[in-house]
Amino acid sequence: MPKRLEIDWQWPKLLKSKVFFDRSAATTMRKKLVVGNWKMHGRLESNRGLLEGVRDAAITSCEVAVCVSYPYIAQAQSILADSGVTWGAQNCSEYDLGAYTGEVAPAMLADFGCRYVLLGHSERRTLYGETDAVIAAKFGAARAAGLTPILCVGETLTERVAGETLAVIDRQLAAVLNTAGVEALRKTVLAYEPVWAVGTGRTATPDQVQEVHAAVRAKIAAASPAVADGIQILYGGSVKPQNARELFAKTDVDGGLIGGASLVLNDFLAICRATN
C-alpha cells in the first residue's frame, strides 16, 4: 500500500505568487499527445474511414491515439496495429472480474492491445455519478492491468464563476494521489477539461488554460519534480483547428483530448499537425 500523501496545495497563494515550476531543473522534452475521444459515436464502415485516414496520415509531430467505444476496440486494433497510432477505451471497471453485468475489466482492454483508458471524464462524473473515490479505484485497477490512465479533471461553470477551479482540481487529484502516490503519475496522462467548455463550443483562453496547467504541474513538482517534468497534461475543452496552435504553443499544454473534432478526419489531422 503506497504511503498516504497528504496534500495542502494552497492554490490561490501559488497563483498569486506566479512561482509555478523551476524550469531550470526540467530535463524531459515532453512530446505532444493528441487523443481522439469518439464518445458514443461510430459504425463499422464510418470507423474504417477515420481509422485508416489517421493511420495513413503518418503524423510525426505528436503522438496520436483514439479512444473508441467498446464494440469497436477490436476494429481499432486490426486497423492501427503496427502503425504509429495507439488506441484505448473511454472507461473501465474498478473490478478485475466478477458478477458485474455490463462492466468491462481493465485486463479485457489489455487483451485487445489498448494502451490508454479515459478515467474521470466530466460526462462520467456528471451523467453517471462517478465519484472521486470510484475514479481513484478505477485508476488503480487500470494501472495494475498495464494500461495508461488518462485522468480527466476540471470544473463546472458554476465552480469557475465562484473561483473554485483549483480547489475542485485539488480534490479530484488528491483522491488519486492519496491512494496511489505521486509515483503512479509516471505512467499517467492528465487532461484538464473545464466542464463548461466540453461540447459547448466555448473554450478557455490559452492563458487560462496555461495558468491551470502550470499550477497542476507545480503541485506535482512539490512532491516530485521529476514526475512533474515528465507528465503530459492535455487540454480538453472544444479544441478545434482554429484554436489548436495557440493552445498547444503554451509551455505546459502538452496536447489535447479531442471530442467532436476527432470525428472529422481533416479537423483531427489539422489539430494533430498544429502541435508542430
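Scan VAL35, VAL54, VAL64 and give me the residue that is of a type in the set (A, V, I, L, M), closer than 28 Å to ALA167 by Cβ and modelled with pLDDT of 95 or more.
VAL35
Just one of (1) at pLDDT 95 or above; (2) open to solvent by 10 Å² or more (accessible area, probe 1.4 Å); (3) more than 17 Å from GLU155 (Cα to Cα) trips up GLN210, so point out which.
Every condition holds for GLN210 apart from (3).
Have a look at ARG273, ARG217, ARG202 and point out the one that is over 23 Å from VAL161 (Cβ atoms), open to solvent by 10 Å² or more (accessible area, probe 1.4 Å), touching a residue at least 12 places away in the same chain (Cβ under 8 Å) and among the charged types (D, E, K, R).
One residue alone meets the criteria, ARG273.
With respect to the numbered conditions (1) over 24 Å from GLY230 (Cα atoms); (2) touching a residue at least 60 places away in the same chain (Cβ under 8 Å); (3) buried (at least 22 other Cβ atoms within 10 Å of the Cβ), which one is the sole condition not fulfilled by CYS152?
Tallying (1) over 24 Å from GLY230 (Cα atoms); (2) touching a residue at least 60 places away in the same chain (Cβ under 8 Å); (3) buried (at least 22 other Cβ atoms within 10 Å of the Cβ), CYS152 fails exactly one: (1).
Looking at region 135-143, can you tell me whether even one residue there is in contact (Cβ under 8 Å) with a residue 12 or more places away in the chain, assigned to a loop (DSSP other than H, G, I, E, B) and either surrounded by 19 or more Cβ atoms within 10 Å (Cβ to Cβ) or not charged (D, E, K, R) (or both)?
No, the conditions are met nowhere in region 135-143.
For region 259-267, indicate whether the set of residues that are within 17 Å of the chain's Cα centre (by Cα), open to solvent by 40 Å² or more (accessible area, probe 1.4 Å), more than 14 Å from THR205 (Cβ to Cβ) and not aromatic (Phe, Trp, Tyr) is non-empty.
Yes: one or more hits.
The values are calculated or read from the model by the stated rules, or taken from the named source; none is laboratory data. As the structure is a prediction and not an experimental result, all values here were calculated from the model. A quick note on method: Cβ atoms are made from the backbone with ideal geometry, for glycine too, and the neighbour counts reach across all protein chains shown. When the accessible area is computed, the model is the full protein with side chains, heavy atoms only, and any ligands, DNA or RNA have been set aside. Shrake-Rupley method; radii C 1.70, N 1.55, O 1.52, S 1.80 Å.
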